[in-house]
Amino acid sequence: MATERRLLASAMAGSILAAIIIEVILFVVMLWGLDSLFTPYTLPGLAALLVIAGFVYTRLVRATRYSRPVVRVAGLAGAVIAGLGVAIGALGRPYLGAWLIVVAYYGELVLGVRLKRDLEEHVNRGVNAFIGGMLLFILSLPLAVVDHRLAIIPFIGNLVKTAGLIQVYRELSSRG
């Protein structure tokens, strides 16, 4: 149980770092439009998100019981699709790349909802904010592709998600 808790805490720490990078990228998109998503300013952040996804994936596969099958499928598929989106966007097809990244996040949506049960075995606070913020972030993400000014909505959802992640991380880290 203590090992699961440590692995979950490290996955949450990685998710917090990813959420901060996502906030920066969404802010850039809000200011300069979707074409800014695949520029030399944001590509390092996108690449970092892929690395972090791999880190979080390996921790969640080892730490979860209820969501492990979904983590294996949705987590891996999401990372592959997101990687394709980043590559395609960097090669000059920003809208197709952005839509592939959105599709990848829909896999995370399934994963996050299933992860709730695993987290609730270890923590009492933050899970609902994490899940609610994640839902708002992912479900509104297509709006940012349609009109970059609407990226404010997933930006807010990601802020709520981050606040929940921080609470979950603190509680996982403070026990055992």
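The values are calculated or read from the model by the stated rules, or taken from the named source; none is laboratory data. Since we're looking at a predicted model, the values are computed, not measured. Reconstructed Cβ throughout: ideal geometry from the backbone, glycine too, with neighbour counts over all protein chains shown. Quick note on the areas: whole protein, heavy atoms, side chains included, nothing else; ligands and nucleic acids left out. Shrake-Rupley method; radii C 1.70, N 1.55, O 1.52, S 1.80 Å.
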Going by alpha carbons, how many degrees (0 to 90, nearest 10) lie between the helix axis of 43-63 and the longest principal axis of the chain?
20
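For the stretch 23-69, how big is the tail of P(r) above 12 Å, as a whole percent of Cα pairs? Please report the intermediate quantities before stating the final value.
Working: 714 of 1081 pairs.
Percentage above 12 Å: 66.
Going highest first, how would you order 39-46, 154-161 by mean Cβ packing within 10 Å?
On the way: 39-46: 14.5, 154-161: 21.2.
The packing order, highest mean first, is 154-161, 39-46.
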So for the chain, taking the charge dipole from beta-carbon charges (+1 Lys/Arg, -1 Asp/Glu), which of Ser36, Val86, Ile131 sits furthest toward the positive end?
Ile131
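When the convex hull of the C-alpha atoms of the stretch 1-124 is computed, what volume per residue in Å³ does it have?
Numbers: hull volume 11.3 nm³, N = 124.
For the stretch 1-124, the hull spanned by Cα atoms encloses 91 Å³ per residue.
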Enumerate the calculated ³J(HN,Hα) couplings along the stretch 77-86 in order (Karplus 6.51 cos²θ - 1.76 cosθ + 1.60, θ = phi - 60°), each rounded to whole Hz, writing x wherever the residue is Gly or Pro.
4, x, 5, 5, 5, 4, x, 4, x, 5
Cβ-placed point charges (K, R +1; D, E -1), dipole of the chain about Cα centre in debye, nearest 20
580
For the stretch 114-176 and the stretch 50-85, what is the separation of their Cα centres, given in Å?
16
Across 10 Å bins from the origin, how do the percents of Cα pairs in the stretch 87-127 run, short distances first?
27, 29, 22, 18, 3
Taking only Cα atoms, what is the 0 to 90° angle, nearest 10, from helix 94-120's long axis to the longest principal axis of the chain?
10
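Using only the heavy atoms of the protein chains and a 1.4 Å probe, how would Ser67, Ser174 rank by accessible area, largest first?
Numbers: Ser67 0, Ser174 95 Å².
Largest accessible area first, the list is Ser174, Ser67.
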